[in-house]
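Q: Here it is, the structure in full.
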Amino acid sequence: MRKRAFRAVGLTTLLVLAGAPLSGCGIQETGVVGAGRPPVGDLLPPRDSRVLLFFFSPDDELLPVPRIVDVPWQGGPGSSPSEGEEASGALSPLTAVTALLDGPNKAERRAGLRNAPSLPREASAADRVVTGDSTVEVRLDLRVRRLSAPARDQLVCTAAFAAHTQGALPVTLVGRDGRLAPADCSLRPVPAPAR
């Protein structure tokens with residue numbers, strides 16, 4: 001019985017000593033202190049060194065994927081800057097479509113990203129991309145009517161965002177078998193919070 005009493009006293013003493021540092025040493029409670037707005041930053045690299053490609057995730061979701069490109073827009077044949085942009089300020093839509101048709105790079109494939117199965121992995125299939133004031137026309141050396149809806153979505157979104165920062169231009173796909181009706185990208189960017 002005596003051993004139990006010593007154990008109880010020892011345990012109580014240990015708890016009191018362990019609880020002393022946790023008592024806060026008299027620090028008074030305060031209210032919430034405002035520190036201003038949360039930091040906001042652009043997570044994408046500048047448009048003059050990247051393209052935004054649209055690949056499918058392992059969950060079959062169409063995702064924008066930024067890719068750094070070494071060659072700046074040079075005003076090559078078949079492409080032009082979108083309205084209101086400087087030619088040297090953006091990469092050509094043809095560069096973006098060519099990169100899309102080339103498929104995901106090694107790191108993107110490791111992340112599970114892929115093209116739609118009906119989209120051929122032939123960068124040379126991109127013939128021309130012509131941007132106008134209110135439209136984008138993508139000319140391809142393949143049969144566009146045989147492309148599945150997901151493959152068309154990839155091409156439309158990639159070309160739309162390459163030609164306009166908000167992807168707000170309709171895109172017409174033209175191929176060996178004719179012209180498809182203009183289509184809009186189904187994805188829209190989330191507006192950045194006001195600063």
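Q: Using the Cα gyration tensor of segment 91-195, with a ≥ b ≥ c the square roots of its eigenvalues, what is the shape: rounded (a/c below 1.5), prolate (a/b larger than b/c) or oblate (neither)?
A: Taking the square roots of the gyration eigenvalues as a ≥ b ≥ c, segment 91-195 is oblate.
Q: For segment 105-154, rounded, prolate or oblate, judged on the Cα gyration tensor with a ≥ b ≥ c (square roots of eigenvalues), a/c < 1.5 rounded, else prolate if a/b > b/c?
A: The shape class here is prolate.
Q: Turning to a different aspect of this structure: Pop out the ³J(HN,Hα) list for segment 124-133 in order, Karplus 6.51 cos²θ - 1.76 cosθ + 1.60 with θ = phi - 60°, rounded to Hz; leave Gly and Pro as x.
A: Once rounded to whole Hz, the list reads 6, 6, 7, 8, 8, 10, 10, 9, x, 5.
Every number here is computed from the coordinates shown, using simple stated rules; none is lab data. What you see is a predicted model, and the numbers here were worked out from it, not measured in a lab.
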